[in-house]
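Structure, as structure tokens:
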Amino acid sequence: MQNIEGFWEKCILDDTYQIYLDRVAKLVDTESQAKTLHHIVESPKFAPRPEGGRQPKPFPGYSVITPPWCDSPSDSEFYEVIRSCQNRLCDRLDRDFFVPVPPDSFHFTLADLIWDSAYRDAIAQFPEFDDRLRTCIGEIFQQTQDSISSAHPVRWKVVGLAVMTRAIAACLVPLDEASYDRIVRLRRAIYQNSDLMRLGIEQQYYLTAHVTLGYFGNLSREGDRTALAPFLTQTANDRFRDAPPLHVKRAELRKFEDMTRYDRAPNFPVLTL
């Protein structure tokens, strides 16, 4: 697995609160959307169906996430807004170009851990990898639980749509700096844990809080990308203007086999935020 010597020299640190707000504001503006639309690529996480449309391909791994909508009925008002936006995209975009994820799977990824070939290699090298990962995350959660106060609610709001290289997502920003700090402290505890590093897990992305709405499929099926960016901006303005915040109450270790379902066993660790 990974040699952790020199880790601190290459460690990714998440943005400060204000830099994060500024970066997300740029991500969701029309100009940024238009530029990124010229560089999108087909997602390898889905494959064509013989009858049309796309189906998920195997893409196994683990993440620390908020409970998906199917397991979080208290967040239904928030996720109904996200689903309404997704429906608007599905009405406008070719189904082979835009592949929506099941609304039940909507969630906020708090920390990516390991996926696809890296995960396959890990379990091939260490048959007990899953147990070791679960134990490490459980210990991190316990240490973090002992050091944080849950008195202040962690709340994030949706501010717009971002075009990513392989997907379209609803971007989130914290309602206050305390909400941001709570998530960043959790991520730091995860990514700076030496036991996880020895399992080959390291931070690969800056935090960009989002709910993925769908992935890109056959790019030739959507001819007029020029008009797509203004459509995304207008859709976000229409749908998100009065959206309620997402109350981030729990962080959970979840396992996935593809990008449509995120499962947990009864012994998977949970952190109350």
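Filtered by the rule that a residue be modelled with pLDDT under 95, of a type in the set (A, V, I, L, M, F, W, C) and assigned to a helix (DSSP H, G or I), segment 1-33 gives Phe7, Trp8.
Note on segment 57-71: residues that are surrounded by fewer than 19 Cβ atoms within 10 Å (Cβ to Cβ) and in contact (Cβ under 8 Å) with a residue 60 or more places away in the chain total 5.
Listed by first and then second residue, the pairs linking a residue in segment 176-198 that is of a type in the set (Asp, Glu) to a residue that is in a helix (DSSP H, G or I), with Cβ atoms under 7 Å apart and 6 or more places separating them unless they lie on different chains, are Glu177/Tyr17; Asp195/Cys136. Hey, could you check segment 103-159 for residues that are among the aliphatic types (A, V, I, L, M) and free of Cβ contacts under 8 Å to residues at least 12 places away in the same chain and say which is nearest to Ala25 (Cα to Cα)? Per the stated criteria, the residue is Ala151.
Cβ-Cβ contacts under 6 Å between residues 6 or more apart (or on different chains), taken from a first residue in segment 246-257 that is among the β-branched types (Val, Ile, Thr) to a second residue that is in a loop (DSSP other than H, G, I, E, B) and surrounded by fewer than 23 Cβ atoms within 10 Å (Cβ to Cβ), are listed as Val248/Leu273.
Looking only at segment 215-240, filter to residues that are of a type in the set (D, E, K, R) and at pLDDT 95 or above; which one of those is farthest from the chain's Cα centre (by Cα)? Please lay out each step first, then the result.
Taking segment 215-240 first, the residues of a type in the set (D, E, K, R) are 221-222, 224-225, 238-239.
Next, from what is left, pick out any that are at pLDDT 95 or above: 238-239.
Values: Asp238: 23, Arg239: 20 Å.
The selected residue is Asp238.
The set of residues in segment 197-214 being in contact with an Asp or Glu (Cβ under 8 Å, 6 or more places away or on another chain) and modelled with pLDDT of 95 or more consists of Leu207 alone. The residues in segment 51-91 that are over 29 Å from Pro153 (Cα atoms), touching a strand residue (DSSP E or B) at 6+ places or on another chain (Cβ under 7 Å) and either in a helix (DSSP H, G or I) or not basic (Lys, Arg) (or both) can be counted, and the count is 8. Screening Gln33 on (1) exposed (fewer than 12 other Cβ atoms within 10 Å of the Cβ); (2) touching a strand residue (DSSP E or B) at 6+ places or on another chain (Cβ under 8 Å); (3) among the polar types (S, T, N, Q) shows it passes everything except condition (1). Tallying residues that are within 21 Å of Asp258 (Cα to Cα), among the aromatic types (Phe, Trp, Tyr), in a helix (DSSP H, G or I) and out of contact with any helix residue (DSSP H, G or I) (no Cβ under 6 Å at 6 or more places or on another chain) within segment 94-148 yields 1.
The values are calculated or read from the model by the stated rules, or taken from the named source; none is laboratory data. Note that the structure is predicted; figures quoted are calculated from it, not measured. Here Cβ is always computed from backbone atoms with ideal geometry, including for glycine, and neighbour counts include all displayed protein chains.
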